[in-house]
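Structure first, then comments.
The values are calculated or read from the model by the stated rules, or taken from the named source; none is laboratory data. In this text the structure is predicted, and so the values were computed from the model without any measurement. Every residue, glycine as well, gets a Cβ built from its backbone with ideal geometry; the counts of neighbours run over all protein chains shown. To get the accessible areas, we keep the full protein, side chains included, count just its heavy atoms, and leave off ligands, DNA and RNA. Shrake-Rupley method; radii C 1.70, N 1.55, O 1.52, S 1.80 Å.
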Amino acid sequence: MDIRIISGVVLVCAIVVVAGVLFYNSDFNNQGTDNNNKNTTNNDSANNTTNTSTNQLALTLLSDNQPGSNPGPSPGPGPSPGPTPDPMDNIITLFDVYLNKYYDQSLIPGMAVVIVQDGKIIYLNTLGVKDLASGAPVDENTLFGICSISKQFTSTNIAQLVDKGLMSWDDSISKYYSVPNEFLLYNDFFVSNNITIRDVLMHNSGLSRELGNEYPTYFNDSFSESIFKLRYVQNVTPFRSTYAYNSLVYALGGYCASQANNTTWNELIKKGILDPLGMPTTTTSYWDFLNSPNHATPYKLLKNGTMVPYDIIPDPVGPAGSIYSSINEMANWLKFQIADTGYYNGKKIVSKKELDETRTEQINITDPLDLAMYGPQYGLGWFIHPKDTTLPYYVSHPGDSSDFHAQITIYPSENLGIVILTNGGVYASNFRSILDSKFRQLLVGNEDFDPWPATKEALDASWKPESPTAPLAGPTLPLNGYVGVYNNMVYGNITITSSNDTLICRYGTNNQAFNLEHFNGDVFNEPYNDFTFNFTNISIGEANNLKVTLPDYTTAPANSTTTFNRTE
């Protein structure tokens, strides 16, 4: 400094001016910079809205450092470097491009997607319409069925009751449902008295995959009627030996929880989970869902290419699959799960210990379908993926019915999660899965991953009506020869009537009527549910038996058809 003073006052002044300008530009302008710039909608709240079109929500790139002019001259070697780009920006952009590129090919009427990281929504997109007839667009508050993602709400709710000492993961089901008056699993008293809450939530009952779903969904059985029928079926593996996904048995856990708390399951979920997480429009009832002014119409894609409104009423197995929610409110579920503290907005929902128990490995998966699609282990409502692969560790769960398809995936180490909600058929199920996989591959830098074209080609080839295997022959009987009531001990009644030269089918006490289409001889198709009806044992001008392509669970493995015998 002394040398510069001696050199002259003018030189000192020049240095001071230059240093001051450089300090101002490099430090003052950049203080408090957040380098995590991500694609997102302009909200992070269920109460805020964005401008929408009939196709999708507008996406906006948010940045804390918008470009602008510097105050005054900037002498020196050049401007200071800008913030380092966040890799997530590029991932979100590529994901959005992929989604919009193929959405129209998915045949999905309506879809909603949200991605949450570090407690914030970084991407929210809605596409298509919630109803084909009205053309009303999907928005961030449109309700969709989340199907089996409901299982996580049930296990988390049970974790709350375990916290309170009202029940235990290892409580016997027989503590809540008496054996054999209410519950007798494949006529085995030992199994029925020893199967626990943990057992039913980890799918190791010994029953075949999804056995019994038909009882409530098609035949309109109540839950108590459905589980009573489990005494008539056959197990396919020994108790606790093998994983086999089963929603009807899983629901036992939720209904036991409602009994432990002396209330209904619907009220238990509302007060314990939905209200504290700020999910006021989310509902656990199909009928409440239909009465909502903003819900996606349930659609099923038939093999003839027709998209039809379709009712699958999962309320009897509610704890396993009857929650309906919006993408905005599912974002809150993501935030709660990603945080992994048991708290939400400063309020304790459940202890971290019991919350973590739901995402702890409970059983190895050997089912080839689930092993290939979802991972090698199952927790209590979560598929759990290995930590020693090239992909990041993640937990996930699909939600599927004939009319809704959903997906949730969480990456704990990234504080990151995604939810996808759709309606409308088998293409939707595949597109949902591919979007989930695409996002995962983008996380590890694989930008070239593109499975949709090949998947769609395979779907186009397989998802179409089958050609007759023999020349078509007319019915051997007049239609009134098929009319009657046919009974099976496990399923109940199928009632056949006729009107306007068409046979009509009703399952159990379900009031929905389904037309039968003649196929060949005494064989008819029921296209809405994709069942084949074969009337047999023809005598004295009428059919005495009816074989339907419903699984016969009284054999192990199950036969592909079940026989119903005429009773009227």
Surface per residue (accessible, 1.4 Å probe) for region 303-394, Å²: 39 Å²
Treat each spin label as a single point 7 Å out from the Cα along the C-beta direction, and report the residue 511 to residue 487 distance in nm. 2.4 nm
When the accessible area of region 416-549 is split by element with a 1.4 Å probe, what percent falls to carbon and sulfur? 48 percent
Binned at 10 Å from zero, the C-alpha pair distances of region 322-371 give percents of 21, 35, 34, 10, 0
Residue-normalised value, i.e. accessible area per residue, for region 404-451 at 1.4 Å probe, in Å², stands at 25 Å²
With a sphere of radius 15 Å drawn around the Cβ of residue 231, what net charge do the other residues whose Cβ falls strictly inside it have (Lys, Arg +1; Asp, Glu -1)? -3
Hz values of 3J(HN,Hα) by residue in region 351-365 - Karplus curve (6.51, -1.76, 1.60), Gly and Pro given as x: 5, 4, 4, 7, 4, 5, 4, 5, 10, 9, 4, 10, 7, 7, 9
Hydrodynamic radius of region 269-348 per Kirkwood, over alpha carbon pairs, in Å: 14.4 Å
Long-range amide H partners of residue 498 with built H, under 5 Å: 504
At 1.4 Å probe size, put 498, 205 in order of accessible surface, largest to smallest. 498, 205
For region 201-253, the Kirkwood Rh over every pair of distinct alpha carbons, in Å, works out to 11.2 Å
Ranking 267, 526, 457 from most to least accessible area with a 1.4 Å probe gives 457, 267, 526
A chain fully extended from residue 189 to residue 568 at 0.36 nm per residue, minus the present Cα-Cα distance, gains in nm 132.9 nm
Per residue, how much accessible surface does region 74-171 expose to a 1.4 Å probe? Answer in Å², no decimals. 36 Å²
Place a point 7 Å from the Cα of residue 240 in the direction of its beta carbon; the residues of region 143-185 whose amide N falls under 13 Å from it are 170-173
Which of the pairs 130/229; 229/270; 175/348; 130/303 have their Cα atoms more than 25 Å apart in this structure? 130/229; 229/270; 175/348
Chain lengthening between residue 373 and residue 502 when straightened (0.36 nm per residue, less Cα-Cα): 42.3 nm
Can you give the local net charge around residue 563? Use residues other than it whose beta-carbon is closer than 12 angstrom to its beta-carbon, Lys and Arg +1, Asp and Glu -1. +1
Please list, in chain and number order, the residues 5+ apart from residue 405 or on another chain whose amide H is under 5 Å from its amide H, with Hs placed from the backbone. 422, 423, 424
Under 10 Å from the Cβ of residue 392, count the other residues' Cβ atoms, weight Lys and Arg +1, Asp and Glu -1, and hand me the total. +1
Over region 271-363, what percent of the accessible surface lies on carbon and sulfur atoms, probe 1.4 Å? 52 percent
Karplus-derived HN-Hα couplings along region 183-194 (A = 6.51, B = -1.76, C = 1.60, θ = phi - 60°), whole Hz, x at Gly and Pro: 9, 8, 7, 5, 6, 10, 5, 4, 4, 5, 7, 10
3J(HN,Hα) from dihedral phi, region 331-345, Karplus parametrisation 6.51/-1.76/1.60, rounded to Hz, x for glycine, proline: 4, 5, 4, 4, 4, 5, 5, 5, 4, 6, 10, x, 10, 9, 6
Roughly what % of Cα-Cα distances in region 308-402 sit above 21 Å, to the whole percent? 48 percent
With T = 10 °C, eta = 1.306 mPa s and Kirkwood Rh from C-alpha pairs, the Stokes-Einstein D of region 248-407 in µm²/s is about 90 µm²/s
In this structure, the FRET efficiency calculated for residue 555 and residue 530 from their beta-carbon separation, with R0 = 35 Å, to the nearest 0.05, is 0.95
Expressed in square angstrom to the nearest 10, the accessible area of residue 440 with a 1.4 Å probe stands at 20 Å²
What whole number of Å gives the distance from the Cα centroid of region 139-156 to the Cα centroid of region 308-326? 10 Å
Just to make sure I understand: if all protein chains stay in place, what is the order of 303, 164 by accessible area at 1.4 Å, largest first? 164, 303
With a 1.4 Å probe and all protein chains left in place, how much of the accessible area of region 180-267 comes from carbon and sulfur atoms, in whole percent? 46 percent
With a Cα-only, solvent-free Debye model of region 402-452, what are the log10 I(q)/I(0) values at q = 0.26 Å⁻¹? -0.98
